[in-house]
There are 2 protein chains.
Amino acid sequence: MKSRHITPNFRIAVVGSGAVGCYYGGKLARFGREVHFLMRSDLDHVRKKGLRILSKQGDFHLPKVLCHADPAEIGPVDLVLIALKTTANAALDTLLPPLLKPDGSTMLMTLQNGLGVDEHLAERFGADKVLGGLCFVCLNRVEPGVVRHIAHGHVEMGEFSGLPLPRTHEVQGEFKRCGVVCSVSENLGLSRWRKLVWNVPFNGLAIAAGGIDVARILADEDLFYLTRQLMDEIIGAARALGYEIPTSFADRNIENTRTMGDYKPSSLIDFLEGRDVEVEPIWGEPVRRGFNAGAPVGRLETLYRLIRRAVRARNG
Amino acid sequence: MKSRHITPNFRIAVVGSGAVGCYYGGKLARFGREVHFLMRSDLDHVRKKGLRILSKQGDFHLPKVLCHADPAEIGPVDLVLIALKTTANAALDTLLPPLLKPDGSTMLMTLQNGLGVDEHLAERFGADKVLGGLCFVCLNRVEPGVVRHIAHGHVEMGEFSGLPLPRTHEVQGEFKRCGVVCSVSENLGLSRWRKLVWNVPFNGLAIAAGGIDVARILADEDLFYLTRQLMDEIIGAARALGYEIPTSFADRNIENTRTMGDYKPSSLIDFLEGRDVEVEPIWGEPVRRGFNAGAPVGRLETLYRLIRRAVRARNG
C-alpha cells in the first residue's frame, strides 16, 4: 500500500448527510477542505441557507456548502465518509461507484454503527479500501441544515484489513487539524466490540423498557443488573472471537454513563420518532457472531428479539 | 402416614377466595361438601347473594355459602385449599394456624402457581402437611361473587414430600366426585417445572412485549422464537435439577396454545388491571434454581428482570 499525501486537492464526499455526516463533514469544510455533501431531503434548504452547527465548543455556520443530489456531480474523491443509516445500505451499490477513483485509491470510511458495516463495503468495493471510523458523539439533527452537538466527538479510526497504514494516520491528522479529537485503532474489530459494550445495553434497554433514558436505566436495580450482564455477554462473545476486553472496561463505561444525565440513546430517539432503528448491526450481528463462536448470548438474543419485535410492532 | 377416609364430616377451608378458590371451592360445595370460604373484599356480597359460577359446562349458583372473615370462626379442618396470591403469602402465618387440627392431620393443598409455594408452607407448617394442586384452568373473576370459567379445569395433585400417599388419591377421588377433572402426580417438582414450560414464556412475553395475547405471541416470528428458546431453557434447568421433560413437551405446549385464540394469560390480566403479579414464583425462583444448578438461564433472567421492572414502573 503506497503512502498517500493529503494535499489541498484532497477531495472528500459525505454520503448520508444526517447529523453525523453534517457534523464531521462540516468540521472538515470549516477548515477549508473540499467537502461534497450528498443530500436528499435537506438539499434545497442547505443550498440556500448553508449548514449550521450548534455546539458548546462554539457554534459555526457554513453559508456556502458543496451539496449534491447525485454522486455523479461529485465525481471521484480521495475519501468517502459514509454516514447513511445502515438500514439504507443497499443504496451504496449505486451511490458509491461514481465516487471511486479509477486507480482504486479512494478510501471508504464508514462512520456507521455496529457490526457488519465494514464487511458490507469490503464485499462490494474491496477490503483494502475500507476504514471504520467509530464516532463517540452525541448529536441531534434539530431541523434541516442544523445539527446540535451535545457532547463528546471523538473518532476512532481503523483499517478493516488489519494494522494501521500510513494513510490511517494521515486521515487522522487531517481530522485533528480540523478540530476533531481522533485516534487510530490498532484493531478495528476490537474497537467495534468495545463500542458495543455500551451500545447494546443502553440503546437496547432504553427501547425494551418502553422508552427511557440512561439515568433511569442506571437507577433501576433490575435494568442496572441486566446492563452489567449484557456487558459481560458482549465481553465474552468478543473474547470467543479473539478480542480481549477487560471486565474493568464495563465498569468504566457505567461510571462514564453516570455523567450523561438523562441522555436518550440515539436508537431510542430513532425508535420514538418513527425512524429506522439499526437493529441488525447493533444487536442481531453480535448475537449471530457470538453464537457461532460458542459464547453464551441468551441475554443479548432476548434483547435483540424484543427490540426487533418492538420496531415491527411500531411500524404496524 | 396413616390413611385417612373422607367422610361426610370432612371439612374444607378455602383461603384466598379469588377466582381459583371460589371455582374449586364452589364445585366441592355444590356437591354437598362442607366448604368454608375465608373472604375479605367479597364477604358481604357473597353472604347476601351467594356464589355464582358461569361456565359452558353449566352455570350454577350457590345461594348459601359458608363464608367468614376470620379463620377462628372456621376452626380446624381436614383440608385447606390455599388460593391466595403468592404475593400475599406472609398472611398465611396468621391465617392458617386456627385451621390446623391438633393431631397434625390437616392437609394444606396450595393451588398457587410457580416455584417456592410448597416450600413456603413446608417451612412454616411441616412438609408432611403439604400437597400441591396445579390448576390448568382459565378463570376470570367477573364481579364480586361471580366467576367465569372460560376453559379447562384439570387439577394435578402431588405430595410435596415425595410419592403419592393414600390421602393424595382420596382427595383426588373427592375432587372427581365433585366434577373436577383431576390426576395424581408422582413427582410434584416435575409437575411444577412442566407447568412453567408454558407459564414462563406466555405469561412473560405477554407482559414484556407490552400487553399482548397468546395468538399475537405465536404470530410474531421473534416472539415465537423466544418462546421456544425460553421453553428450552426451562427444560434444561429442570433437567439440571433432576426433572426430565422431553423437548416434545414444548412442541405440544405450543400446539395446544394455538387452540386458545386470543387468550390473555392471567399474569398479563393482573398486570393490566393493576393487581400484584406473581413475579418471583413464576420467573424469579426458576432463574435462581436453574442458575444454582449450573443451567444457562440468560433468556429467563432477561425476561424476569424486564418483567420485575415493568411491574415496578407500573406501580409508580
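Return yes or no: is A:GLY179 of a type outside the set (Ser, Thr, Tyr), out of contact with any Asp or Glu (no Cβ under 9 Å at 6 or more places or on another chain), touching a residue at least 40 places away in the same chain (Cβ under 8 Å) and not assigned by TED's automatic domain parsing to the domain that holds A:SER267?
Yes; evaluated as a whole, the condition is true for this residue.
Can you tell me which condition B:VAL142 does not meet? The list is (1) more than 15 Å from the chain's Cα centre (by Cα); (2) modelled with pLDDT of 95 or more, and all the others hold.
(2)
Of all residues in the stretch B:165-208, which are crowded, with 17+ Cβ neighbours inside 10 Å and in a loop (DSSP other than H, G, I, E, B)?
B:LEU165, B:CYS178, B:VAL180, B:SER185, B:ASN187
For the stretch B:262-316, enumerate the residues that are over 21 Å from A:VAL287 (Cβ atoms), open to solvent by less than 60 Å² (accessible area, probe 1.4 Å) and polar (S, T, N, Q).
B:SER266, B:SER267
Considering only residues that are of a type in the set (S, T, N, Q) and either surrounded by 17 or more Cβ atoms within 10 Å (Cβ to Cβ) or assigned to a helix (DSSP H, G or I) (or both), which ones fall in the stretch A:209-255?
A:THR227, A:GLN229, A:SER248, A:ASN253
Filter the stretch A:276-315 down to the residues that are over 23 Å from the mean Cα position of the chain (by Cα) and within 14 Å of A:ALA238 (Cβ to Cβ), then identify the one that is nearest to the other protein chains (Cβ to nearest Cβ).
Here the answer is A:PRO296.
Among (1) modelled with pLDDT under 95; (2) buried (at least 19 other Cβ atoms within 10 Å of the Cβ), which single condition is B:THR259 missing?
Unmet for B:THR259, out of (1) modelled with pLDDT under 95; (2) buried (at least 19 other Cβ atoms within 10 Å of the Cβ): (2).
Select the strands (runs of 3 or more DSSP E) contained entirely in the stretch A:55-164, then report the ones holding at least 1 residues which are open to solvent by 10 Å² or more (accessible area, probe 1.4 Å), over 30 Å from A:ARG289 (Cβ atoms) and not assigned by TED's automatic domain parsing to the domain that holds A:GLU273.
Here the list reads A:60-62, A:66-68, A:130-143, A:146-159.
Conditions: (1) in a helix (DSSP H, G or I); (2) over 17 Å from B:ILE207 (Cα atoms); (3) more than 14 Å from chain A (Cβ to nearest Cβ). B:MET260 meets all but one. Number of the miss?
Of the numbered conditions (1) in a helix (DSSP H, G or I); (2) over 17 Å from B:ILE207 (Cα atoms); (3) more than 14 Å from chain A (Cβ to nearest Cβ), the odd one out for B:MET260 is (1).
The values are calculated or read from the model by the stated rules, or taken from the named source; none is laboratory data. Here the structure is a predicted model, which means the values were calculated and not measured. Reconstructed Cβ throughout: ideal geometry from the backbone, glycine too, with neighbour counts over all protein chains shown. Remember, those area values only see protein heavy atoms, side chains included, never the ligands or the DNA or RNA. Shrake-Rupley method; radii C 1.70, N 1.55, O 1.52, S 1.80 Å.
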